[in-house]
Amino acid sequence: MELDPHTLPTDTAITTTLDEAIGWARESSLWPMIFGTACCAIEFMSVAASKYDISRFGAEVVRFSPRQADLLIVAGTITYKQGPILKQIYDQMSEPKWVVSMGACACSGGFYDNYTTMQGIDEIIPVDLYVGGCPPRPEALLDALLSLQNDLRTNTYDPERHKDFKGALDNV
Amino acid sequence: MFENIIISSNEIHSFIKGKYDEGFNYLLDITAIDYSEYVQTQEEEFALVYILRHKSFKKHIVIKAYVPIQEVETISDIFKGANWLEREVYDQYGITFKNHPNLRRVLNHKEFVGHPLRKSYPITKGQLLHEVDDLIDEMNNRLLSKDIICKLDSGLFGECNKDLMFLNLGPSHPASHGTIRTYVALDGETVEAAVSEIGYLHRGFEKSCENHTYNQIVPYTDRLNYCSAISNNIAFVKTVEDMLGVTLSKRAQAIRVMLLELSRIEDHVVCLAAVLVDMGGLTNYWYMYNPREDIYDLLSKLTGARLTNSYMRVGGMANDLYDGFEEDLKEVIKKIQYGVEQTLSLIKHNRIFHDRTQNVGVISAEDAINYAMTGPNLRATGVSFDMRKDAPYYGYENYEFDVVVGSVGDVYDRVMVRFAEIDESIKIIEQVMQNLPEGDVNIKDASITLPTKEAVYGTIEGAMNQFKLIFEGVKVPVGEYYGSIEATNGELGFFIVSDGSGTPYKVKVKAPSFTAMSAYPEIIEGAQLADAILTLGSLNIIAGEMDR
């Protein structure tokens, strides 16, 4: 469903499904929570700054409280020491919520294949979108945001989609 | 100028105390070496290494002691900075220090078993952490040292003889860069006691180095201080080149100086932008961050990457400057100057800025040296230590620039020193570009630098040469060496142990942020909570470099 204010006739009711209307509303009001730990967080600063300007896509209300955010962007290396903290942050976010894993380290550990780096955050939390790159260019993160928005516009949100996910820290 | 001294393990404390009294009052680094797989059999399996700098800043000494019993006297009573450094040695190598005030892990987590930098520890053996350290006992000790007595109620703080509130600042907090945790005891808004926990971004740089050839390590160095990647590249390859005993062409040296200064600017603008945001001055962020984007564009064109450039190679650099670089650079410098000018016009005579920063987060020159703080943080206290002047390299002595010093050592000084250093760096860049020598940027030595693509594809010698260098790496002569440069956060050093192969036997980074962070709890105790945030920002702690 596309709503263009210029072509809308006045005094007209639009019929749609509730899911679509909610999806449309969600799409442009994502509130990201930046879990920035390393180099990727510096690239996120660029995404938020005026040249790339994430506010063009309605996602500039960056919140550092998980309670107020619905889009978790994990930007940077997650070590085993950081693991329980990331998990806690994720758990504290209320539904609906989405997770973007930004950069090679968050996706797979990147080239830190060693004793301290978690080999991808999907060892502990479910991920909706992976963005490759070390670090990804700002355009890559914006692309991830746009594809998430596209998904919200076209598909019904499924809160059950990760119900079979079992992370390494889940049963403790 | 430096010398190597070997002493016995039971005289460590007395020998270092003696050196301290001789004027070696600046502790650069402490590390250990596990010789169990080394080519030459050594006296003992483990050795401790202490690197000290003289108060004239012109020379340093490397003191080595073989440790048979793996327990030695602490030197944290001489140097405050030794506290965390010894904890790191304990954490990574399992060598314990007698009479250490707080010997516990610092980089690895509390559930970690074993000591990862020992050769016997497999590099990929990760260990999950299930529950974060509550830091209660560490905080309790800190409180007791201030005569605050708290009852412990099933492991948590109960009633105290002062009305305290306990709060975690970070690690997930925008002002703590996502990776620094400070646990504070607050009396109202005042920080009564603080303990910091680091290691949240410890990603095993030093262990990874032992598994890669020298040139493969260059991309890892990018991610130490990721705000100024090229300066880490240079610090590392320069140390390797010094071990090889090669000298770069005049052109390569000049380009490195120019890029070092550009990285310094790149780093300072993001630090200043962040500090001003922490203070509530968001406008400045745009003024300071936009020129950084322009630097990114320039570096992308030159190196192919915005942030993590990996531009340096042992023996030179990936490629020469492109045609038209100079014009692009001039444009970028104009934009930097505009950004700095606009920001300063907003804060220079701004009462709020002055009130928020002056006499806030003060550290004295004496303490700063004792904590082995370096770079702008040290210079802000009035100590004019700058490697570029005190131990010049790459012809820094030929450029005209000033070392900027502060007087109080507060947030204001640290911020203003960085602003002034941007101007000085621009001066140096202009001088370099005026007299940029002609010539090759890579040294001509088949055992160090790669052959040309034509030679690789056209001749069997070229192909073999390339194959050997890529697979085996640059062979560095057997030895132990400490080399350092003035990076953006201060003296960035690498201590490298080579066994003669193309892979380092051991690499240790002397990271300026690590020692600066160890001073942080003491600086903020007695200060207001909001000022603690500002102090952290002004110290420019970069977690990648601190935790490695």
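The values are calculated or read from the model by the stated rules, or taken from the named source; none is laboratory data. Treat the numbers as computed from the prediction; the structure is a model and nothing was measured. With ideal geometry, Cβ positions are generated from the backbone for all residues, glycine too; neighbour counts draw on all protein chains shown. Note: areas computed on protein heavy atoms with side chains; ligands, DNA, RNA excluded. Shrake-Rupley method; radii C 1.70, N 1.55, O 1.52, S 1.80 Å.
A single member of B:501, B:447, B:407, B:484 is in a strand (DSSP E or B) and open to solvent by 10 Å² or more (accessible area, probe 1.4 Å), and it is B:484. In the stretch A:116-134, the qualifying residues are those that are assigned to a strand (DSSP E or B) and over 26 Å from residue B:133 (Cα atoms), and the one that is nearest to the other protein chains (Cβ to nearest Cβ) is A:131.
For the stretch A:101-115, residues that are open to solvent by less than 10 Å² (accessible area, probe 1.4 Å) and either farther than 18 Å from residue B:223 by Cα or at the interface with another protein chain (Cβ under 8 Å from one of its Cβ atoms) (or both) total 4.
If the condition is being more than 10 Å from every other protein chain (Cβ to nearest Cβ), among the aliphatic types (A, V, I, L, M) and surrounded by 15 or more Cβ atoms within 10 Å (Cβ to Cβ), then the stretch B:84-135 contributes B:85, B:89, B:95, B:103, B:106, B:135. Flag set for residue B:520, criterion: within 29 Å of residue B:404 (Cα to Cα), among the hydroxyl-bearing types (Ser, Thr, Tyr) and not in a loop (DSSP other than H, G, I, E, B). Taking residues in the stretch B:422-441 that are hydrophobic (A, V, I, L, M, F, W, C), and partners anywhere that are open to solvent by less than 80 Å² (accessible area, probe 1.4 Å) and not in a helix (DSSP H, G or I), the pairs with Cβ atoms closer than 7 Å and at least 6 places apart or on different chains are B:428/B:399; B:428/B:401; B:441/B:249; B:441/B:316; B:441/B:317; B:441/B:320. Taking the condition surrounded by fewer than 24 Cβ atoms within 10 Å (Cβ to Cβ), away from every other protein chain (no Cβ under 14 Å) and of a type in the set (Ser, Thr, Tyr), does residue B:283 pass? Here the answer is no, as residue B:283 does not meet what is asked.
Of all the numbered requirements in (1) assigned to a helix (DSSP H, G or I); (2) more than 13 Å from the chain's Cα centre (by Cα), residue A:106 misses one, and that requirement is (2). Out of curiosity, is residue B:368 assigned to a helix (DSSP H, G or I) and surrounded by 15 or more Cβ atoms within 10 Å (Cβ to Cβ)? So residue B:368 fits the description; yes.
Looking at this structure, is residue B:472 touching a residue at least 60 places away in the same chain (Cβ under 8 Å) and either under 20 Å from residue B:319 (Cα atoms) or assigned by TED's automatic domain parsing to the domain that holds residue B:389 (or both)? So residue B:472 fits the description; yes. Taking (1) of a type in the set (A, V, I, L, M, F, W, C); (2) more than 21 Å from the chain's Cα centre (by Cα); (3) facing chain A (nearest Cβ under 9 Å) in turn, residue B:229 satisfies each apart from (2). Taking the conditions exactly as written (within 14 Å of chain B (Cβ to nearest Cβ), open to solvent by 10 Å² or more (accessible area, probe 1.4 Å), over 30 Å from residue B:125 (Cβ atoms) and not in a loop (DSSP other than H, G, I, E, B)), does residue A:26 satisfy them or not? In short, no.
Of all the residues in the stretch B:371-404, those that are in a helix (DSSP H, G or I) and surrounded by 17 or more Cβ atoms within 10 Å (Cβ to Cβ) number 8.
State whether one or more residues within the stretch B:299-311 are of a type outside the set (Asp, Glu), in a loop (DSSP other than H, G, I, E, B) and closer than 14 Å to residue A:45 by Cβ. Yes, the stretch B:299-311 has at least one match. In the stretch A:157-168, the residues that are loosely packed, with under 10 Cβ neighbours inside 10 Å form no Cβ pair under 8 Å with any partner that is modelled with pLDDT under 85 and of a type in the set (Val, Ile, Thr), whether six or more places apart or across chains. For the stretch A:83-100, filtered to residues that are in contact with a Pro (Cβ under 7 Å, 6 or more places away or on another chain) and in a loop (DSSP other than H, G, I, E, B), the residue that is nearest to the other protein chains (Cβ to nearest Cβ) is A:93. Only one of the listed residues (A:64, A:35, A:57, A:44) is within 14 Å of another protein chain (Cβ to nearest Cβ), of a type outside the set (Ser, Thr, Tyr) and open to solvent by 30 Å² or more (accessible area, probe 1.4 Å). That residue is A:64.
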